[in-house]
Amino acid sequence: MKTRRETAGHLAAVITIIIWGTTFVSTKVLLEDFAPVDILFYRFLIGLIVLIMVHPHVLTFRSWRQEALFAGAGLCGVTLYFLLENIALTLTYASNAGMIVAVIPMITAVLAHFFLSGEKLEPRFFIGFAAAFTGLALIFFNGQMMLKLNPLGDILAAASAFVWAAYAILMKKISTFGYHTIQCTQRIFLYGLLFMVPALFLFDFRFDASPFASPANW
């Protein structure tokens with residue numbers, strides 16, 4: 001039973017990575033018509049509405065500790081991660097950002113080792129770590145002996161990777177609450193949208209429906 005659950009978990013992770021990889025390309029396309037903060041706001045507002053329609057039973061307040069973890073997950077996994085990623089994609093190549101973010105599992109493993117009990121760094125971790133950085137080097141060199149770096153964009157992409165790793169640690173703690181996955185995601189999206197409000201004012205957000213008329217943006 002445990003092996004079957006682990007296999008299902010690994011399969012779900014692979015599918016998630018494949019879907020996740022397409023977001024860098026789709027976001028790059030959306031940036032032709034939308035500002036980074038616009039993409040962030042619309043994406044999660046639509047996502048929250050859909051999740052409530054799919055599962056209308058939202059969570060009720062239980063404790064301030066739980067709310068703090070949900071809020072932290074919303075800040076890290078929604079607001080900061082995607083804002084940093086979207087801005088990074090205006091400054092660097094999608095391939096660079098994608099490969100930098102690909103080391104998130106490595107960063108998460110290191111953080112888990114220090115912040116979660118029972119999480120150990122095994123030999124296979126270091127093998128995977130070496131393989132990930134080899135891939136990074138190949139992408140950065142682009143088949144030539146010349147780096148294709150965009151320092152600020154790549155730094156922001158790296159920062160988003162660390163932020164997402166922190167989100168993964170928070171989600172590990174949230175998973176012990178025993179709530180429905182969709183309910184947890186709803187609460188996290190809600191906090192993410194709330195933390196997004198200052199960014200909307202900072203980046204002078206203005207609602208404009210015209211970009212939605214383009215089929216490419218759907």
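Every number in this text was worked out from the coordinates using simple rules, so none of it is lab data. This one's a predicted model, so the numbers in the text were calculated from it and none came from an experiment. Here the Cβ positions follow ideal geometry from the backbone for every residue, glycine too, while neighbour counts run over all protein chains shown.
Here region 80-204 is treated as a Stokes sphere of Kirkwood radius computed over C-alpha pairs; at 25 °C and 0.890 mPa s its diffusion coefficient rounds to 150 µm²/s.
Going by how many other Cβ atoms sit within 10 Å of their own, how do TYR191, TYR167, TYR179 line up, fewest first?
Numbers: TYR191 20, TYR167 23, TYR179 17.
Going from least to most buried by this count: TYR179, TYR191, TYR167.
Rounded, prolate or oblate: which one fits region 41-115, using the alpha carbon gyration tensor with axes a ≥ b ≥ c (rounded when a/c is under 1.5, else prolate when a/b beats b/c, else oblate)? Oblate.
Across region 126-131, rounded Karplus estimates of 3J(HN,Hα) from the backbone phi angles (6.51 cos²θ - 1.76 cosθ + 1.60, θ = phi - 60°) give 5, 5, x, 4, 5, 5 Hz, Gly and Pro being marked x.
3J(HN,Hα) couplings calculated from phi for region 192-200 with the Karplus curve 6.51 cos²θ - 1.76 cosθ + 1.60 (θ = phi - 60°) are, in sequence order, x, 5, 5, 5, 6, 4, x, 5, 4 Hz; Gly and Pro show x.
Since only LEU80, ALA166, THR92 are under comparison, the one whose Cα sits farthest along the positive direction of the charge dipole of region 80-204, derived from C-beta charges on Lys, Arg, Asp and Glu, is ALA166.
Couplings for region 153-162, taken from phi via the Karplus curve 6.51 cos²θ - 1.76 cosθ + 1.60 with θ = phi - 60°, read x, 5, 5, 5, 5, 5, 4, 5, 5, 5 Hz in order; Gly and Pro are left as x.
With the Kirkwood sum run over all distinct C-alpha pairs, region 1-126 has a hydrodynamic radius of 17.4 Å.
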